[in-house]
Each structure stands twice: as structure tokens, then as C-alpha cells.
1. Tell me whether the stretch A:209-219 contains one or more residues that are within 21 Å of the chain's Cα centre (by Cα), within 14 Å of another protein chain (Cβ to nearest Cβ) and either at positive phi or not aromatic (F, W, Y) (or both).
2. Can you tell which of A:P375, A:P319 is under 30 Å from B:P87 (Cα atoms) and within 18 Å of the chain's Cα centre (by Cα)?
3. Could you tell me which of the residues B:L226, B:L205 is in a helix (DSSP H, G or I), hydrophobic (A, V, I, L, M, F, W, C) and over 25 Å from B:G372 (Cα atoms)?
4. Can you spot a residue in the stretch A:59-72 that is in contact (Cβ under 8 Å) with a residue 60 or more places away in the chain and on the phi > 0 side of the Ramachandran plot?
5. Among the residues of the stretch B:313-330, write down those that are surrounded by 17 or more Cβ atoms within 10 Å (Cβ to Cβ) and part of a loop (DSSP other than H, G, I, E, B).
6. Restricted to the stretch B:329-364, and to residues that are without any contact (Cβ under 8 Å) to a residue 24 or more places away in the chain and of a type in the set (F, W, Y), which residue is nearest to the other protein chains (Cβ to nearest Cβ)?
7. Taking the options A:R177, A:R187, name whichever one is within 12 Å of chain B (Cβ to nearest Cβ), surrounded by fewer than 19 Cβ atoms within 10 Å (Cβ to Cβ) and without any contact (Cβ under 8 Å) to a residue 40 or more places away in the chain.
8. I need every pair where a residue in the stretch A:413-430 that is surrounded by fewer than 16 Cβ atoms within 10 Å (Cβ to Cβ) and in a helix (DSSP H, G or I) has its Cβ under 9 Å from the Cβ of a residue that is modelled with pLDDT of 95 or more and not charged (D, E, K, R), sequence separation at least 6 or different chains.
Amino acid sequence: MDAKKERSLSRMKEEIAQFEPVLESLRENPGEMGHLQSFAVEDLVGNHKRIIECVEQGKAFLASQYTNPVEILTAMDVPWYFTVQQQFSAGGTGGSPHTIEDLGEMDRLGIPSDCCTLLRLLLYYQVAGLLPIPTAYLALTEPCDAVSGMHAAFMNHPDWRDVPVFVPDPPYHDDVRAFDYYAGEIRRMIDFITRHTGKGLNMGRLKEVVEETNKGYALWLEYSDLRRAVPTPHSYAMPMSCFYLLNTAGAGEPRVTQYYKDIVANAELRIRENRPEVPNQRIRLLWYDIQPMFFSELVPWLEQEWGAVIAMDMVSYCPYELTDTSTEDSLFRGLAKRALLHGPMIHQAHGLVDNVVHDITRIVRDYEIDCVILPGHMGHKDMAASASIARETCRDLGVPSLYIGMDIADKRYTTVDEIKNRISQFFTAMGLGEDRR
Amino acid sequence: MEGGIVSEAKTESKALQEFVRAAETIVNPEVKKWKDEGGKVVGYFCAAMPVEMITAAGFLPFRVRAAGSTGTELSDAYFGSINCSFPRHAFNMALKGHYDFLDGLVIFNSCDHIRRLYDHWIRRIKTPFVKIISLPRKDEPAQVEWFRSELAILRERMQEHFEVEIADDRLREAIALHNRSRRIQRGLYELRKSDKPPITGAEMLAVTVAGTAMPPELFNRLLGELQHYVSRRRGHSDYRARLMLIGGELDNPEYVKVIEDQGGLVVTDALCFGSRTLWKDVNENTDDPLTALAQYYVADRPSCARMYTKYEKRVDYIRNMIKDFNVDGVIFERLTFCETWGFEQYSLVNDFKKWNIPLLCVDREYTLSAVGQLRTRVQAFVETLKG
């Protein structure tokens with residue numbers, strides 16, 4: 001294997017080396033939550049190994065972006081990895097050891113610093129040769145300008161310019177005509193994958209996979225309902241599973257469904273026994289934007305210092321509908337709807353601001369929310385422009401809200417201490433969590 | 001070159017004077033006259049709007065700008081500090097009532113800022129007819145078909161709301177009318193290829209901007225007069241470098257004048273209010289004018305950075321312009337917080353370096369500001385081009 005390929009796998013190999021001892025320790029001492037905490041990481045490690053094998057043995061594989069339906073990739077039996085995975089997996093484990101160094105190198109690329117850091121970082125990974133070059137790429141142009149702009153730049157890189165690319169075009173509307181158009185895009189995506197990997201789609205297998213992921217989504221909805229309980233059964237780590245379900249390389253596998261059953265069962269048990277994972281809950285908050293990569297420095301502080309639990313967040317609140325698998329058309333329409341409307345961040349950022357109003361209203365009412373935090377990621381220009389409507393919605397509902405303004409990928413933008421100060425001042429000013437003193 | 005974009009026009013060309021006046025204001029005398037005579041005006045925000053549909057309805061197409069805006073004191077309550085200054089200024093003017101003259105407004109999901117402006121507009125501004133259109137990011141046949149269906153729906157809604165008929169033959173007439181505008185403007189660009197271009201970049205921008213704010217028949221008549229005038233005008237030879245201006249939204253000729261006052265003459269552009277709107281024609285020989293419009297606006301016209309699939313075509317377009325107009329250096333202007341053009345800038349910087357094309361990247365606010373800094377940077381850039 002040449003040096004370029006070797007380097008492209010280096011971060012994946014590092015992550016495997018970083019995660020495997022953690023997984024080992026969780027296997028040895030799983031406790032009540034061990035399996036639930038380690039499952040997604042196990043899946044990630046397994047997928048990394050699969051991609052490494054493809055690169056080393058010259059097998060076909062894809063790079064993709066979330067919301068390109070994993071059910072199809074699974075049914076076509078094509079290995080893939082998500083190009084934004086590095087940023088998120090680093091965040092999920094408390095930060096990559098390379099984060100600061102990567103951000104510094106990223107700054108030197110010369111992309112205007114007001115562009116989304118998360119996506120500038122992805123371009124840096126590409127320039128640094130840290131992304132395995134796939135047989136073909138499934139790109140994305142939603143939900144924001146940065147995703148689309150970044151991808152145009154991404155496909156202009158000399159090493160990637162000749163990689164065949166397909167990007168589905170998401171319409172802005174949310175009616176049947178839009179779903180059918182997007183279903184057409186998904187069908188064209190399948191033709192593209194077949195053309196470049198030689199793998200075909202077996203409709204029977206796709207139906208089987210979607211029926212299995214449907215079970216996962218049904219359980220996810222059940223779990224979201226369970227988080228309405230006061231006190232809420234789990235800390236914040238569990239809601240992120242929603243994102244995982246949309247991205248899992250194990251889509252369609254009963255072990256994934258079992259994972260969701262286990263989450264639901266554990267939540268039910270904790271509610272029944274009044275044994276929440278976070279004791280002494282005093283504030284129920286809605287975190288309405290994407291979670292920062294350094295969330296592990298904030299969530300424990302929120303929970304321990306203020307008894308503040310994130311009862312629901314933007315990313316997790318995705319009103320997934322189950323896909324009707326009765327006919328080929330209904331199945332494709334369902335997948336289109338899921339990809340176009342329901343994905344985390346897609347649901348909130350892609351369409352009209354009505355989605356934001358609807359979500360905040362429902363969540364505040366259904367989850368007995370005491371306050372709403374609008375983190376205001378610097379890359380989310382649409383959220384910045386809809387924050388006033390979000391605040392107005394909160395006012396109408398009688399819940400206080402706080403807009404922070406941060407960079408979810410770079411804590412130098414607004415430091416963790418500054419964020420904590422802002423939140424503390426807000427809680428104090430609003431008289432929230434007072435019984436702690 | 002010093003002396004303002006209108007000084008000469010005031011004394012020599014009534015047409016140029018009218019264009020400059022139309023570019024400087026929102027409600028210019030022609031719009032006012034149109035309204036006074038009972039005409040309807042339909043606004044739009046993006047160069048991808050098929051203005052032919054508005055013309056075919058018998059209305060005046062008017063591209064929304066924020067000329068003359070002095071602040072965002074009202075719209076700051078709606079937009080964040082990391083939002084583009086163009087929608088903030090435009091919405092500020094709308095909140096102050098400057099856009100009350102619009103009978104309709106068509107907005108696209110052009111960018112994150114503008115699509116949210118739609119959300120605010122429908123909540124706060126009482127424009128009688130407002131429609132959002134879904135504009136594709138690719139230029140393949142499926143996208144042309146999608147956009148055609150969007151236009152068909154727009155036609156239906158406009159017909160219902162305004163009680164007019166937008167028949168195919170009216171559309172064909174409108175296409176021919178606007179193509180004529182494009183052809184005459186291309187003729188003006190053609191004159192700029194000479195060693196002594198008879199029209200400055202600031203003047204040309206005033207012309208193209210004015211074309212989005214006056215009746216197309218009148219615009220064509222004035223264009224004819226201007227063409228006659230400039231073809232006899234002594235061209236500019238007192239410049240030190242031939243410049244091309246590229247980027248997105250730029251509707252302020254004064255901005256171009258600041259650049260030209262530093263010794264560089266802007267001889268061509270690839271801008272949303274500039275050549276991209278006029279470099280090609282809509283197909284007039286077609287059975288279905290809606291398909292012709294969809295094909296033109298999605299696939300055929302020079303695209304902006306929003307179109308994901310067209311980077312190579314955009315760059316070819318710029319490189320051809322550089323060659324044809326004998327350009328010495330390129331200035332790329334970007335509105336701060338625009339991610340669409342931000343990532344494009346990254347690609348352009350890398351590619352232009354490879355091709356040895358001098359490039360100056362400038363971030364700016366919608367209204368003319370930081371002029372001193374702009375002057376210094378352009379001066380330094382022009383100096384580097386002299387050798």
C-alpha cells in the first residue's frame with residue numbers, strides 16, 4: 001500500500017486504537033449502561049475496519065453523507081464511510097487529540113473564517129490526505145449553503161476530482177411532488193452506485209432492510225416519548241442515538257433493533273423505579289441546535305452544577321415516520337421523505353421556519369421544558385436568521401430562552417468558560433434551579 | 001477617471017443619466033410612473049428569476065435591492081449578527097415601507113439568508129402576493145423538469161391571484177423582449193474589449209442594475225440610445241490595469257467607482273447583476289416557453305456559486321472572459337458571511353494561483369463602507385499588475 005493510502009487510513013486506525021481499550025473495559029465491566037454506551041462505538045470501529053480492508057485490498061467502497069439513505073447502501077452491500085464522521089466521533093469521545101492542531105492547519109487553508117468550521121475542517125482533512133479516497137462519492141447539498149459550497153470545493157481537489165460523484169438535489173418544498181422528485185433522485189443515485197461499483201439493488205433485500213430500520217425508528221419514537229418523564233430517565237448521551245440510527249452501517253440488522261429495545265427497556269425501568277441517571281434534576285432544558293464537539297465538557301457541568309438535564313434537543317427531535325414498504329413506489333417515497341424532511345438538522349434547517357416554530361412549541365409543551373438554549377452555531381446562518389422567531393415562540397409559550405453564539409467545532413470562538421458563564425447568568429436571572437442553593 | 005460615474009453622463013447622455021439614477025434609488029421615476037398609471041410591480045430577489053413571466057403577465061419585474069439604505073436598525077431584531085448585510089438592509093427598507101409599492105414578490109431558496117428573509121417577509125410585510133420557488137442546485141434534465149413544474153405552478157398562482165392570463169404567446173413575446181435587452185447589453189460589453197473602452201465598469205453596472213428596475217421596452221430604447229452614444233465616445237485610456245470583477249450580489253456602481261478611481265478599469269465581470277444575467281439568450285424557437293425558461297435559468301445561463309455542479313463551467317467562463325477582454329487582474333468580492341461564495345473563493349484562490357492569474361479577494365458589506373481599506377488594497381493590487 002502506498003504512503004498516500006496509508007496516511008488516508010491513519011486517523012481511522014488511531015480511532016480504533018483509541019476506542020478498542022475502552023470497549024474492552026466496558027465489556028469486562030458493563031454495568032447497567034455499558035452496552036448502551038458502547039454499541040455505536042463498536043459499530044464505528046467495525047465500519048472503520050471494513051473500509052481499511054477495502055483500501056488495503058483494492059475493493060470498491062463509497063464515501064457518503066448522512067441523509068443519503070443507509071438502507072440503500074446496506075441493501076446494495078456496498079461498504080461506505082461518512083466524510084464528516086471524524087469531527088463527530090472526535091467530539092463524541094471528548095475531543096480528538098488532534099483537534100487544536102487540525103484547527104490551526106485548517107485556518108491556514110485560507111477559507112474565510114466566517115464559513116462553518118465543521119465543514120472547513122472537513123476540507124482540511126481532505127487536503128491533509130486524511131480521508132480514504134473512495135471508488136465513488138455520494139455528496140450532499142442540504143441543509144445549508146456551507147454543505148453545498150464545501151462540496152463544490154471538495155470535488156475540486158486534485159486527488160478527488162476524478163472520483164465519480166452523485167449529489168441528490170433536495171427540493172425546498174415538503175409535498176408529495178417534492179417527495180416523488182427526490183425519490184427520483186434516489187433512484188438515479190442507485191443507478192450511479194451500480195455503474196461505479198457493479199453492485200445492483202435487490203428490492204426484496206431493500207424491503208427487508210427498511211422493515212428492520214422501521215422497527216428501530218418505532219422504538220426511537222417510543223424512547224423519545226419516555227424522555228417526557230419527569231425526572232427524565234437518561235443523561236444526554238442516549239438521545240444522540242437518533243443520529244446514529246440514521247447513519248449506522250448496521251442498518252437492517254436485528255442487533256441494531258435490539259440496541260433500541262435495550263434503550264427503551266432501560267428507560268422504562270428507570271422511570272418505573274424512579275431512578276434517573278441524573279439525580280436531583282431541577283431544570284429541564286431544550287438545546288435547540290446541533291451539539292458542540294466539546295459537549296462532554298458542558299453536559300456533566302450542567303447536570304452536576306445546576307441539575308439541568310437536556311430533556312430534548314434539536315438533533316434528537318426528528319418526527320420520523322415509518323416507511324410504507326407495501327410497494328416499490330411507497331418505499332422510495334418513504335425513503336425520500338425520511339432523507340428530505342426528517343433527518344436531524346435537515347428537518348430544522350432545510351425548509352421553512354415553520355418547522356422550528358412547530359418543534360419548539362411541541363417540545364416545550366410535551367417535555368415540560370423550563371428554558372430553551374439556542375446555542376447559535378456560527379455555521380448555521382439560517383438558524384441565526386430564525387432565532388428571533390424561535391425567541392418569539394418561546395415568549396409566546398412563556399419559557400425563557402438564551403441565544404449564545406458559538407462554534408460547535410472550535411471552542412476558541414466562545415470558550416467553554418464563557419458558555420458556562422452565560423448559562424449560569426441566564427439560569428440565575430430567570431430564577432431557574434434555585435433550590436440548589 | 002476621477003469625477004464620478006455620472007459627471008459626464010449628466011452633460012452628454014440622457015440614457016446613461018437615467019440608468020445611473022435608477023441604480024441609485026429604489027423607486028425611480030419610471031417605477032413611479034408605472035405605478036401612477038395603474039401598473040403592477042412584482043419584485044424578486046435572485047438573478048435566477050425568469051423575469052419573462054412577470055413581463056408576460058403585463059407587470060413590471062423589479063429586482064429587490066437596498067439602494068440608499070443607511071442602517072439595519074429595524075431588521076436587526078429579526079436577523080443575527082452573522083447574517084449577510086444584504087437581506088438585513090433590504091428587510092430594513094421593507095419594514096420602513098419602502099417596498100410597499102410591490103404588488104407581488106417571488107423569492108427563491110437562493111441562500112440561507114434569503115430563504116429566512118422569506119419567512120420574515122410573510123410574517124411582517126403585507127405584500128399581497130408572495131411565493132417561494134424551489135431552485136435546484138444541479139443542472140441536469142431532471143432539475144430542468146422540476147424547475148419547469150415550479151414555473152408552471154407560479155404561472156397558475158399568478159393567474160389566479162392577479163386575474164390575468166400568462167399565455168404561451170405572451171411568454172414568447174416577453175422572452176424575445178428580454179433577449180433583446182441581453183443582446184444590446186452584450187454589444188456594450190463587446191465595446192469594452194477595445195484598448196480604449198468607451199464605458200467604465202461603474203457605468204456598465206449602473207446600466208445592468210437599471211435594467212432590473214424599469215419597463216423592459218423603455219430599457220431597450222434607452223439602451224439603443226446609449227449604444228449609439230458610447231460607440232462615438234472617446235474611450236478611456238488613462239488606466240493602469242484592466243480588471244475583471246467577479247462574485248455574487250453587487251448592485252452599487254459607487255463600489256466599482258472606488259476601484260476604478262485607483263487606476264484600474266473594470267472591463268468585464270462575472271456578477272449577479274452583471275454579465276451572468278445577459279451572456280446567453282433564452283431559446284425563442286420552442287413549442288414550450290416554460291421549458292425554454294427552465295432550461296435557461298437552471299442549465300444554460302452562466303451560473304453563480306450556488307449551483308453545485310457548475311464550478312468548472314464557471315471557471316471556464318471567467319477564463320474566457322479574461323482572455324477575450326485582455327484582463328490583467330481579477331477582483332473577487334464577497335459579502336461577509338456568504339458561505340456559498342466563501343467556499344468558492346477557496347477553490348478560485350487555489351486554481352488562479354496555479355494558472356498565474358492575479359486575484360484580489362475582498363470581503364465587503366452591502367453598503368459602501370471601509371472605503372479607505374478598499375482603496376489601499378486595490379491600489380496595491382494595481383501596482384502589482386503594472387509590471
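The values are calculated or read from the model by the stated rules, or taken from the named source; none is laboratory data. Just so it is clear, the model here is predicted, and its values are computed rather than measured. Positions of Cβ are backbone-derived with ideal geometry, glycine not excepted, and every protein chain shown enters the neighbour counts.
1. Checked the stretch A:209-219: no residue is within 21 Å of the chain's Cα centre (by Cα), within 14 Å of another protein chain (Cβ to nearest Cβ) and either at positive phi or not aromatic (F, W, Y) (or both).
2. On the way: A:P319 fails: under 30 Å from B:P87 (Cα atoms).
Of the residues listed, the single one that is under 30 Å from B:P87 (Cα atoms) and within 18 Å of the chain's Cα centre (by Cα) is A:P375.
3. Answer to the check: B:L226.
4. Within the stretch A:59-72, one or more residues are in contact (Cβ under 8 Å) with a residue 60 or more places away in the chain and on the phi > 0 side of the Ramachandran plot.
5. The answer is B:F325, B:V327, B:D328.
6. First pass over the stretch B:329-364, keeping only residues without any contact (Cβ under 8 Å) to a residue 24 or more places away in the chain: B:342, B:345-346, B:349-350, B:352-354, B:356.
Of the ones still in play, those that are also of a type in the set (F, W, Y) are B:346, B:352.
Working: B:Y346: 4, B:F352: 12 Å.
It comes out as B:Y346.
7. Step by step, each of A:R177, A:R187 is checked, and only A:R177 is within 12 Å of chain B (Cβ to nearest Cβ), surrounded by fewer than 19 Cβ atoms within 10 Å (Cβ to Cβ) and without any contact (Cβ under 8 Å) to a residue 40 or more places away in the chain.
8. A:V416/A:W301; A:E418/A:I404; A:E418/A:M406; A:S424/A:W306; A:Q425/A:L402; A:A429/A:P400
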